[in-house]
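Reviewing the structure listed below.
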Amino acid sequence: MQRLSHTLSAAAAAGLLAFAVPAGAQQPIRLGQTVTSSLEASDPRVSAADSSHYKLYVYHGNAGEAIRVTMKSGAFDSYLSLGQVTGGSFRGMRSNDDGAGGTDSQLDFVLPTTGDYAIRANSVSAATGPFTLMVERGVAPGPVVNHAISMGQTVSGTLAEGGPQEQDGTFYDQYVVRGRAGQTVQVTMRSGAVDSYLNIGTLSGGQFTSAKTDDDGAGNNDARIVYTFPSDGDYAIHANTLSRATGAYTLTVEPGTPPPPVVNHDISVNQTVNGSLDASDPKDTDNSSFDQYVIHGRAGQRLTVTLRSSAFDSYLHFGRMVNGAYSEIKADDDSAGGNDSQVEVTLDADGDYVIRANSLMAAATGAYSLTVAAAK
C-alpha cells in the first residue's frame with residue numbers, strides 16, 4: 001500500500017479542499033462521546049466529482065486541546081476529515097484513511113484556536129452502512145529533534161506515542177545528513193514492528209519540504225530511497241510508518257547508485273506500444289519504476305490514453321515538461337477497469353506532452369501495453 005498521490009482517492013483528496021455543506025447537515029459531538037450512525041444513500045455527497053456520502057459532526061474545543069477522532073465500520077472502508085465550516089463550505093485541515101488499523105480511520109489533532117470544528121465521517125468509495133464515531137482526549141505531538149546521521153552509518157530507533165507527527169497523524173523521527181551536490185545516497189529503513197515509510201527532503205527555517213518518499217522499496221514492509229542531492233547542504237530524513245503504528249526500526253544511510261536517465265520514447269495518436277517496467281528503469285518520487293513517452297499534440301485535441309498490464313497494478317501519468325521538470329496534468333489508477341488505468345484529456349496548447357507508464361506499487365515490474373487514441 002502507498003500514500004501520497006497514488007493513494008489519493010476522490011474522497012481522500014476532498015478532505016483537504018473546500019466543499020459546500022448543505023444547511024442543517026451538522027450534528028454536535030462531545031469529548032468522550034461515541035456516536036453510532038449509518039451512511040445512507042440519502043446523505044449529502046462530497047462533491048459532483050466525489051460521489052461518496054458523509055455525515056458531518058461539530059466539536060467545540062479550546063485552543064491547544066489535543067483530540068483523537070476514531071471512525072470504525074464493518075460495512076465499508078472509513079475515511080475521516082477534520083476542518084472547519086466557513087461561509088457554508090467545509091475546509092479540511094487533516095484527514096485519515098486507515099489510522100485505526102484495517103479499514104478503520106483515526107486522526108489526532110491539536111486545535112489551533114478556540115471554536116467549532118467539523119468532523120466529516122465519510123467512506124473511501126461511495127459505500128453505505130453503519131459506523132461508530134468517537135472523540136476522545138488525544139496526545140499532543142512531541143517536539144521535532146534533529147538526530148545526526150552520517151554516510152555509511154546504521155542507527156536504531158523506536159517510533160513511540162508522544163513523538164512528532166506527520167500531517168496524517170503518523171509518528172516519525174527526523175535525521176539530518178550532510179550532502180554534496182551530485183552525490184547519490186541510499187536510505188533504507190527496516191522494521192519487524194511497523195510498515196516502514198521513508199521521506200527525504202530539505203529543511204528551511206525548521207520547515208520540512210519533501211523531495212522523495214517510499215513505502216516498500218526494500219521489499220516486504222521495508223522502505224528504501226535512492227536520492228541525488230541537488231546542492232550542498234543538510235537534508236532531513238523522516239523515519240515514518242504507513243499507518244499510525246509504533247515500534248523499533250533500523251535506518252541505514254550509504255552511498256547509492258545514480259538513477260538511470262529518463263529516455264523519451266515517441267508515441268503517436270492511434271498507436272499502441274508494448275513495453276516492460278524493469279527495476280533498472282527511472283524512478284518516480286515514490287520509488288516506482290516508469291517509462292516515459294512523448295506525444296506531439298494540438299490545442300483542443302482530445303485524447304484517451306490507456307495503460308494495461310496483467311503483471312502489475314498500472315498507474316498512468318499525463319503532463320508536460322516545464323523548465324526541465326515534469327508537471328502533472330492528470331493521473332489515474334483503475335479507470336480502464338480492474339487494475340488498468342486510463343485518462344481522457346483535452347490539450348490546451350500545441351506542443352509536446354509526456355505520458356508516464358507507471359505502477360501503483362514501488363517494486364512492481366512486468367509487461368504492459370500503452371494506447372493513445374483520439375477521444376470520441
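The values are calculated or read from the model by the stated rules, or taken from the named source; none is laboratory data. Everything numeric in this text was worked out from a predicted model, so none of it was measured. For neighbour counting, all protein chains shown are included, and Cβ atoms are generated from backbone atoms with ideal geometry for every residue, glycine included. The protein model used for the area step is the full one, side chains on, heavy atoms only, and it has no ligands, DNA or RNA in it. Shrake-Rupley method; radii C 1.70, N 1.55, O 1.52, S 1.80 Å.
Give me the percent of DSSP beta bridges within the stretch 248-330 that run antiparallel, rounded to the nearest 5. List each step's numbers first, then the result.
On the way: 6 of 9 bridges.
Beta bridges within the stretch 248-330, antiparallel portion: roughly 65 percent.
Could you state the number of Å between the C-alpha centres of the stretch 250-288 and the stretch 344-373?
The two parts, judged by their Cα centres, are 13 Å apart.
Roll a 1.4 Å probe over the protein chains and send me the accessible area per residue for the chain in Å². Don't skip to the answer; put the middle values down first.
Values: 16410 Å² over 376 residues.
Result: 44 Å² of accessible area for each residue.
Rg (Å, one decimal) plus Dmax (Å, integer) for the alpha carbons of the stretch 73-136?
Rg then Dmax for the stretch 73-136, in Å: 12.3, 35.
Only loop residues by DSSP count here, and only those with at most 15 other Cβ atoms within 10 Å; note down the GluC sites (Glu not before Pro) in the stretch 130-176 that meet that.
Numbers: sites: Glu136, Glu161, Glu166; in loops: Glu161, Glu166.
Filter output for the stretch 130-176: Glu161.
Kindly rank 188-198, 88-98 from highest to lowest mean number of other beta carbons found within 10 Å of each residue. Mind showing how you got there, number by number?
Working: 188-198: 21.6, 88-98: 19.7.
Highest mean packing first, the order is 188-198, 88-98.
Find the relative contact order for the stretch 214-342 and round it to a whole percent, using C-alpha pairs within less than 8 Å whose residues are 6+ positions apart.
Details: 147 pairs, mean separation 21.3, N = 129.
Once normalised by length, the contact order is 16 percent.
Using only the alpha-carbon atoms of the chain as identical scatterers, what base-10 log of I(q)/I(0) does the Debye formula give at q = 0.10, 0.14, 0.15 Å⁻¹?
-0.73, -1.28, -1.36
Considering the convex hull of the alpha carbon atoms of the stretch 214-276, report its projected area averaged over all viewing directions, in nm², one decimal. List each step's numbers first, then the result.
Values: hull surface 32.0 nm².
Projected over every direction and averaged, the Cα hull of the stretch 214-276 covers 8.0 nm².
Any idea of Lys283's accessible area? Nearest 10 Å², probe 1.4 Å.
Looks like 60 Å² after rounding.
With both bridge residues required to lie in the chain, what share of the DSSP beta bridges run antiparallel, to the nearest 5%?
Details: 128 of 137 bridges.
Expressed as a percentage, antiparallel bridges in the chain total about 95.
Nearest 0.05, what FRET efficiency do Thr132 and Val263 give at R0 = 51 Å with Cβ-Cβ as r?
Numbers: r = 52 Å, r/R0 = 1.01.
The value I calculate is 0.50.
Could you order the peptides 340-346, 320-326 from most to least packed, using the average number of other C-beta atoms within 10 Å per residue?
Numbers: 340-346: 18.3, 320-326: 10.9.
Ranking, from highest mean packing down: 340-346, 320-326.
How much length would be gained if the chain were fully extended between Gln27 and Asn270, taking 0.36 nm per residue of separation minus their Cα-Cα distance, in nm to one decimal?
Details: separation 243, 0.36 × 243 = 87.48 nm, distance 5.26 nm.
This chain segment gains 82.2 nm when fully extended.
Using mean Cβ contacts within 10 Å as the protection proxy, how do 258-271, 237-250 order, highest first?
Details: 258-271: 12.1, 237-250: 20.9.
Going from most to least packed, we get 237-250, 258-271.
Using alpha carbons only, what's the Rg to Rh ratio of the stretch 178-237 with Rh from Kirkwood?
Working: Rg = 12.2 Å, Rh = 12.0 Å.
Expressed as Rg/Rh, it is 1.01.
What percentage of the solvent-accessible surface of the chain, computed with a 1.4 Å probe over protein heavy atoms, is contributed by carbon and sulfur atoms? Display every interim value, and only then the final one.
Values: 8080 of 16410 Å².
Carbon and sulfur atoms account for 49 percent of the accessible area of the chain.
Could you grab the relative contact order for the chain? Cα pairs under 8 Å, six or more apart, rounded to a whole percent. Working shown, then result.
Numbers: 1077 pairs, mean separation 51.1, N = 376.
Value for the chain: 14 percent.
Quick one: net charge around Asp108, please, counting Lys, Arg +1 and Asp, Glu -1 for every other residue with C-beta under 11 Å from its C-beta. Spell out each step's value before the answer.
Numbers: positive: Arg68, Arg94, Arg137, Arg244; negative: Glu136, Glu161, Glu166, Asp168.
So the environment of Asp108 carries a net charge of 0.
With each run of n ≥ 4 DSSP H residues scored as -39500 (n - 2.57), what mean residue ellipticity at 222 nm is computed for the chain after dividing by its residue count and rounding to the nearest 500 deg cm²/dmol?
The helix-only estimate for the chain comes to -500 deg cm²/dmol at 222 nm.
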